1. Filter region 100-130 for residues that are polar (S, T, N, Q) and surrounded by fewer than 23 Cβ atoms within 10 Å (Cβ to Cβ) and give the result.
2. Considering only residues that are hydroxyl-bearing (Ser, Thr, Tyr) and within 23 Å of Phe173 (Cβ to Cβ), look in region 281-310 and name the one that is surrounded by the most Cβ atoms within 10 Å (Cβ to Cβ).
3. Filter region 15-47 for residues that are among the small types (Gly, Ala, Ser), in contact (Cβ under 8 Å) with a residue 12 or more places away in the chain and part of a helix (DSSP H, G or I) and give the result.
4. How many residues are more than 15 Å from the chain's Cα centre (by Cα) and without any contact (Cβ under 8 Å) to a residue 60 or more places away in the chain when one looks only at region 223-251?
5. Quick check, is Val133 within 30 Å of Leu61 (Cβ to Cβ) and surrounded by 20 or more Cβ atoms within 10 Å (Cβ to Cβ)?
6. Would you say Phe95 is closer than 30 Å to Ser244 by Cα, of a type outside the set (A, V, I, L, M) and assigned to a helix (DSSP H, G or I)?
Amino acid sequence: MSYIVLVICVLVSVAFFTLLERSGLGYIQVRSGPNKVGVLGIPQPFADAISLFLSESKSPLLTNYYPYYFCPVLALFVSLVVWVVFPFETMAIGFELGVLFFLCCMSLGVYSVLGAGWASNSKYALLGGLRAVAQTISYEVSLALILLSFVFLVEGYDLCLFSVYQGGLWFLFISFPLMLAWFASCLAETNRTPFDFAEGESELVSGFNVEYGSGGFALIFMAEYASILFMGFLFAVVFLGGCSADIWFYFSVVFVAFAFIWVRGTLPRFRYDKLMGLAWSEFLPLSLNYLFFFVGLSILFYVIMLMCSMI
């Protein structure tokens, strides 16, 4: 029941997050956002969802039928099932391998994008899918190493340990460069501006989802925004010591999610070779150095404890 309530809350949050994004981009670009439907445009996301799901679904003749329809469902399923690592205070759901489960789900999500691009039987969609695979694999390495660094500090894979160990000092202050690398890697993992090469409207029309409309596009859209909210939640847990019983934890999640919107309204798209160079030449050495540093700290702590026990 806890997980079902959480999924419902995530889906409702996705609806209002799209409204926040469109309104925020409207203010950034000095134009009117959605304000015609209802009061302040609040029913706009629900009107868009009804319009998408009730519109006629068409599939091109040359698509690979079953993967074409299955990949959007897989994308939404992965983006929702990863929320099972949410650290409930009631411990109704919780397991000690939350970090590993997140990494597995993050790796699984790329198959939906690749499958959607391949099954569409369009060169634009296929190029978008291939770009997404290369981009996701590159930035998964830095994300995994950054998480592994903190795993050595908290000595466990349970996300509840992060809030316990950050009671006096946030990890944000002791690893600020890692925080910046994590945020940029999250932008790349979720295919957001300035790393939205999987869609690339200027050269790939719409990328991997160019052949999708109505319900299929809505599922891909919901999966992307659910992933953004989850990355905001994970950022708050790892770097801000968030506790699900604290109201400020949810404000920090919203602020981090709004930072995704802020970046989209501010920065242009990166160049693809610079994207790959950033992952392998900048983020990888940085995360490796921090990993060795935290491993050394852990070993030093155990040596000191051993010496104290012997004395």
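1. Ser107, Asn121, Ser122
2. That would be Ser287.
3. Ala15, Ser23, Gly24 - these are the residues of region 15-47 that are among the small types (Gly, Ala, Ser), in contact (Cβ under 8 Å) with a residue 12 or more places away in the chain and part of a helix (DSSP H, G or I).
4. The number of residues fulfilling the criteria is 6.
5. No.
6. Considered against the rule, which asks whether it is closer than 30 Å to Ser244 by Cα, of a type outside the set (A, V, I, L, M) and assigned to a helix (DSSP H, G or I), Phe95 comes out as no.
Taken together, the values in this text are just the output of simple stated rules run on the coordinates, not laboratory data. Quantities reported herein were computed from a predicted structural model and do not represent experimental measurements. Virtual Cβ from ideal backbone geometry, glycine too; neighbours counted across all protein chains shown.
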